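The values are calculated or read from the model by the stated rules, or taken from the named source; none is laboratory data. As the structure is a computational prediction, the values presented were derived from the model and not from experiment. FYI the Cβ positions are ideal-geometry reconstructions off the backbone, even for glycines, and counts take in every protein chain you see. Accessible surface areas use protein heavy atoms only, side chains included; no ligands, DNA or RNA. Shrake-Rupley method; radii C 1.70, N 1.55, O 1.52, S 1.80 Å.
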Amino acid sequence: ATGEALEIIHALKDAIKTSGPVKMQYVKQNDASSPCTHVLHLSDIHYGAVTDKDEVDGFGEYNAAICEARIKKLSNDIIDKTIVQRHGYNVPNLHIIGTADYISGDIHQELSVSNEFPAPVQAVRCGYALGAMLAMFAPHFENVTADFVTLDNHGRLTKKPQSTQGGMNNWGYIVAEIASQHCKNIGNVNVRIHAKPTALVTIGPERYLAFHGHQIKGWAGKPYYGFDRRVAMEAVKRMGVPEQAFTKLVFGHFHHAFNGDLWMMGGSMSGTDAFDHSQGRHSKPHQTSWFVHPKHGEFDWTRWWL
């Protein structure tokens, strides 16, 4: 009886080695000639931050488990939205633009004592969460590209924001590297890490100038004049240098999504926290995605309320 059992076990082991894991592969679903791209703007995740619902009168709640659940929900929503659009468009590609503040960090004493766990743990766990998200997207697209800007304010390791090496001396850099390493063996996932203040991301006819947004000084709510002034400053700086020209600024930091003609602001994964509530501000957790046609540019913006 023991011999028969061993034969069955050896046969099963050989069968497992022969079969290998099931390979999931993107299959084109539409014959339209123009390949469109689904773009996801990922901003202000603040992984590791804790918001107790009693401190915000029930207007929100946040912790690592909620963050991971929202990332999973957002990923499923992006896949489902793409499947719907493929009935009319050819959408082989997904492009993610990450504009930093991936973790809560410890730049204030209040954060140091209220975060769910220390900044190094935040960075590692957030990196794995984003890596898992990219891996989840991989079977549903021909190509998945992620551009992660790492210079921000919450991930910094210095008392004041750095200009020189601010993208490297930052927990956001660790987050992006871990996400990249998590997906290094997935052939259709390409992670590009931008350890610098801005990154020029070309998607079809659009040339997005991505950055975190803390460089724009806030005053009396959303500083709309500051947004337009930043557009003008960047335009003048790049005047006469065609390869550095942009069509729109893409940034986060202000935790509330808004579209302008020349700039696009992203939401936050965390939503209203205790400080926002004390200042009378409220915003539901949300992110934004849209599509880019190779000839006609942007269409179909969606606010994903999480």
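Worth a mention:
- Restricting attention to the stretch 142-178, the residues that are open to solvent by 40 Å² or more (accessible area, probe 1.4 Å) and of a type in the set (K, R) total 2.
- The condition (being within 28 Å of K160 (Cα to Cα) and either of a type in the set (F, W, Y) or at pLDDT below 95 (or both)) is satisfied by just one residue among Y62, Y89: Y62.
- Subset of the stretch 194-250 that is closer than 30 Å to V91 by Cβ and of a type in the set (V, I, T) - its residue that is farthest from the chain's Cα centre (by Cα): V231
- Residue check, D273 among the acidic types (D, E) and closer than 30 Å to K53 by Cβ: yes
- Subset tally (residues that are open to solvent by less than 100 Å² (accessible area, probe 1.4 Å), at pLDDT below 70 and either acidic (D, E) or not in a loop (DSSP other than H, G, I, E, B) (or both)) for the stretch 9-34: 1
- The residues listed here are G167, G172, G204; of these, the one that is small (G, A, S) and out of contact with any Leu (no Cβ under 9 Å at 6 or more places or on another chain) is G204.
- Close contacts from the stretch 179-202, counting a first residue that is in contact (Cβ under 8 Å) with a residue 40 or more places away in the chain and open to solvent by 40 Å² or more (accessible area, probe 1.4 Å) and a second that is part of a helix (DSSP H, G or I) and acidic (D, E), with Cβ to Cβ under 7 Å and a gap of 6+ residues or different chains, come to I193/E177.
- Checking each residue in the stretch 160-172 for being farther than 16 Å from I96 by Cα and not in a loop (DSSP other than H, G, I, E, B) picks out N170, W171.
- Flag if Y89 is in contact (Cβ under 8 Å) with a residue 60 or more places away in the chain, of a type outside the set (V, I, T) and over 16 Å from S104 (Cα atoms): yes
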